[in-house]
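The values are calculated or read from the model by the stated rules, or taken from the named source; none is laboratory data. Please read these numbers as outputs of a predicted model, since none were measured by experiment. Virtual Cβ from ideal backbone geometry, glycine too; neighbours counted across all protein chains shown. To get the accessible areas, we keep the full protein, side chains included, count just its heavy atoms, and leave off ligands, DNA and RNA. Shrake-Rupley method; radii C 1.70, N 1.55, O 1.52, S 1.80 Å.
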Amino acid sequence: MSDIIFSDRLWDNLKDSLLQSDLESCSILRANVVGFGDDLRLLVRDVHIPDDKDYSYRTHTSTQLKPEFIAPIVKLAKNNNQSLIFVHTHPVTKELPKFSLTDDKGEKVLSNFLHSRGLNIQHAALVISKNGCCARQLASSSPMRVININSGIEVICSIDYEQKEINIDEFDRQIRAFGSEGQRSIESLKIGIVGAGGIGSIVAQQLAHLGVKSFLLIDPDVIESTNLNRLAGATRFDIGVSKVDVAKRYIESVGENLVDSVQGSVLDENIALLLADTDFFFCCTDSHGSRAVLNQLAYQYLIPCIDMGVIISNNKGSISHITGRVQMLSPGESCLACTDLLDADAVRYDLMTSFQRQSDPYFEGEGEPEPAVMSLNTTIAGLGVSMFLGAVTNTPMNARYQIYDGIRGKTHAVKAKRIPNCVVCSKQGALGRGKGWSLPARKT
């Protein structure tokens, strides 16, 4: 399926601008394209709202934009290899809008015009009323989802065939909590989990039991004896087996789930970009380099991510601090760069090859393993999965950044400031640029 993705209040601004008039209104959006074939994500970057003078004519049921308004936008799209989304309203419609025969004819003209100008990329059409919207690939009958991503995922326009039956008996207790629509939302998303170790293996278990049906698991490591005290689902017979295969085995034992497992590192760009095919992902890694890659990927490709971790500080044989952090990385929320949680030197070392590290006079070795306890990992994993539920269902769990103090047994929500021109999460930076920017990852 193909999606039109809005972020950073672009949807709200578009809707408010167009629906304030009882005359039919138009807009043209420029979007960066991610994906191939019929599985495309159009990441909306720019919204062009015409003035009254930009219309050739305008009534309650029809309208037309002047060529001189359209031409420079088409040129911008061509120069930036972008898709165009043509938007119009049905202001007098009192129900969900549908494309009309007039729309069909107009889109064919537009499609031929764009191809004649060399824009041989997939474009889209979107019609809005006060009661909803409908979207499709331009000049076709192929429907598209419309999704708004900020502090959560809001599916503004779904596709009829997505309304699958849910197992009411199996998920009865959950449906009593967040309704059948909430359960359907959970089951409709493809979820990535990066890091299938102490925290990631628990996240995988919880999501499987919640009803997630489609997974992408990424981790480069195999199980060692030192992992068994904290790796959920693993046994002593799994030593030497990849962590993703153990997590996959558990997920598939819970239900009829589709699980793609990749034994590789997101420090490699080709592996990290596999996440562009997910709707939401969890960062359960323990390196600054992988976090830097995933932090930018979340904003660059408009895919929400929940990053989490636990630190146990030991001072002279005694635990001094137990600190957990769960943070959602999504348009409208501060990123790891804004919150100063990435160590630049550590990122640089992580992205080096073994040979480069040996040649670096400042590299001091791999260091000692950090303490890890399964019960604390479970606490943080639970907070992260609950945050996910708050983002994808109507459950009123609104915290998007939480700190856990294990010594005092307290969890508190944090509201971090965003850096206005952040290179990662602002529009001046990587936000919504898709393939237009490189990830801070190793090229292969």
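Throw me the Rg/Rh for the range 380-444, computed over C-alpha atoms with Kirkwood Rh, two decimals.
Numbers: Rg = 16.3 Å, Rh = 14.9 Å.
Ratio of gyration radius to Kirkwood radius for the range 380-444: 1.10.
Ignoring ligands, DNA and RNA, what percent of the 1.4 Å accessible area of the chain is carbon and sulfur?
50 percent
Under a crude label model (7 Å from the Cα following the beta-carbon direction), how far is Asn120 from Lys75 in nanometres?
Spacing of the two 7 Å Cα→Cβ label points: 2.3 nm.
Sorted from largest down, what three extents in whole angstroms do the Cα atoms of the chain have along their principal axes?
78, 58, 37
Count charges around Thr444 for me, please; just the other residues with Cβ under 15 Å from its Cβ, Lys/Arg as +1, Asp/Glu as -1.
Overall, the nearby charge balance is 0.
Kindly rank 222-228, 168-174, 123-129, 246-252 from highest to lowest mean number of other beta carbons found within 10 Å of each residue. Present the calculation step by step, with values, prior to reporting the outcome.
On the way: 222-228: 14.6, 168-174: 12.3, 123-129: 24.1, 246-252: 20.6.
Packing order, densest peptide first, comes out as 123-129, 246-252, 222-228, 168-174.
At a temperature of 10 °C and a viscosity of 1.306 mPa s, determine how fast the range 157-280 diffuses translationally according to Stokes-Einstein, using the Kirkwood radius over alpha-carbon pairs as Rh; express D in µm²/s, rounded to the nearest whole number.
Here the translational diffusion coefficient equals 103 µm²/s.
Label points 7 Å out from Cα along the Cβ direction at Lys316 and Arg408: separation in nm?
If labels sit at Lys316 and Arg408, their model points lie 2.3 nm apart.
From the cross-link list Lys248/Lys410; Lys15/Lys78; Lys78/Lys98; Lys213/Lys410; Lys78/Lys248, which pairs have alpha carbons spaced over 31 Å apart?
Beyond 31 Å between Cα atoms: Lys248/Lys410; Lys213/Lys410; Lys78/Lys248.
Evaluate the distance, in nm, between pseudo-label points positioned 7 Å from the Cα of Ala344 and of Thr235 along their respective Cα→Cβ axes.
My value for the distance between the label points is 5.0 nm.
At 1.4 Å probe size, with no ligands or nucleic acids counted, give the accessible surface of His88 in Å², nearest ten.
Its accessible surface works out to 20 Å², give or take rounding.
Order these peptides, 199-208, 73-82, by their mean beta-carbon neighbour count within 10 angstrom, highest first.
For the peptides 199-208, 73-82, the packing ranking is 199-208, 73-82.
Toward the positive end of the charge dipole of the chain, about the Cα centre and with charges on Cβ (Lys, Arg +1; Asp, Glu -1), which of Tyr250, Val74, Val385 goes farthest?
Working it through, the farthest residue towards the positive pole turns out to be Val74.
Could you list, bin by bin from short to long, the percent of Cα-Cα pairs of the range 1-96 in 10 Å steps?
Over the range 1-96, the share of Cα pairs per 10 Å bin runs 15, 43, 34, 8 percent.
Enumerate the calculated ³J(HN,Hα) couplings along the range 14-25 in order (Karplus 6.51 cos²θ - 1.76 cosθ + 1.60, θ = phi - 60°), each rounded to whole Hz, writing x wherever the residue is Gly or Pro.
Couplings: 4, 4, 4, 5, 7, 8, 6, 9, 8, 9, 5, 10 Hz.
Just the accessible area per residue of the chain, please: how many Å² with a 1.4 Å probe?
Dividing the accessible area of the chain by its residue count gives 48 Å².
Would you mind calculating the gained length between Asp16 and Tyr57 on full extension (0.36 nm times residue separation, minus the Cα-Cα distance), in nm to one decimal? Write out the running numbers ahead of the final one.
Working: separation 41, 0.36 × 41 = 14.76 nm, distance 2.12 nm.
Contour length minus the Cα-Cα distance gives 12.6 nm.
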